[in-house]
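The values are calculated or read from the model by the stated rules, or taken from the named source; none is laboratory data. Computed from a predicted structure; not experimentally measured. Don't worry about glycine lacking a Cβ; one is built from the backbone with ideal geometry, like all the others, and counts go over all protein chains shown. In case anyone asks, the SASA skips ligands and DNA or RNA and just uses the protein heavy atoms, side chains included. Shrake-Rupley method; radii C 1.70, N 1.55, O 1.52, S 1.80 Å.
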Amino acid sequence: ATEPRETIPISWAVSMRPDFCRVQKSQFPAGEDLALAILASDATAARPTQLVNFTGQYLGQPTQNMIVVGFGLTEKHTSGQKLYASVPIKSPLCDGVAESLHGCARGREVVLADKLGRVDTCGGDSGGPVYYRDTGQASGQQASGQSQSPERWVLAAVTSRASAEALRVNSQVKCGPGGIYTLLGPAAMSWLCRWHGVAGFTVAGMSEPCAAVRP
């Protein structure tokens, strides 16, 4: 942000793939674009969000949307302002032809794309949150004969990069045709929960999903 409401030092941090930014594109470690940073003190300007083990298996046809948030570039070539957008799910788990078409990792990433190319993340949005409206299914709470839990917005993925299809359309314009987002699925949650245990204290939003994960 151009005018951050709060600045907090990072106590320590760890990345899922330490050499992520140094790997050639042909060896891109897809599905491992995550880092965990522990702040030196609690944040007060932002409210913690519940994480969810987003397996995506309960999703129907990819017509649902997810909410992306970021401070990156806009169509007016400005940045620094927090914006959000609702983007359709093109491939919930990067399965089938999506893996080769978009350059995503099967079962580890979700592809979001607007058919008309009007809504997308862009440069500077990487690392930002991707939210999903959970009605109880994402956290495995809904079952036959049980009432649904209240709807809530949960953190299900993190913005990673433009899709390969977007780069093929125009290598100079990476925003619009769609993006790839690292899922907080079983592999990512196992990694996060392992480091959550190493941290030695409770991290907001992680206690519930980590209780159901065996690192």
* Structure fact -> Of those in the stretch 115-139 that are open to solvent by less than 20 Å² (accessible area, probe 1.4 Å) and either in a strand (DSSP E or B) or farther than 25 Å from Leu36 by Cβ (or both), the residue modelled with the highest pLDDT is Val130
* State whether one or more residues within the stretch 141-157 are within 16 Å of the chain's Cα centre (by Cα), at pLDDT 90 or above and β-branched (Val, Ile, Thr). => no
* Checking Val110 against (1) open to solvent by less than 50 Å² (accessible area, probe 1.4 Å); (2) assigned to a loop (DSSP other than H, G, I, E, B), which test does it fail? -> (2)
* Asked: Which of the residues that make up the stretch 74-105 are over 12 Å from Val119 (Cα atoms), open to solvent by 60 Å² or more (accessible area, probe 1.4 Å) and part of a loop (DSSP other than H, G, I, E, B)?
  -> Lys76, His77, Thr78, Ser79, Gln81, Lys82, Asp95, Val97
* Given (1) modelled with pLDDT of 90 or more; (2) under 22 Å from Gly176 (Cα atoms), index of the condition Ala35 fails -> (2)
* If you go through the stretch 160-199, how many residues are open to solvent by less than 70 Å² (accessible area, probe 1.4 Å), at pLDDT 70 or above and in a loop (DSSP other than H, G, I, E, B)? -> 7
* Structure fact -> Residues in the stretch 5-32 that are open to solvent by 60 Å² or more (accessible area, probe 1.4 Å), of a type outside the set (Phe, Trp, Tyr) and modelled with pLDDT of 80 or more total 9
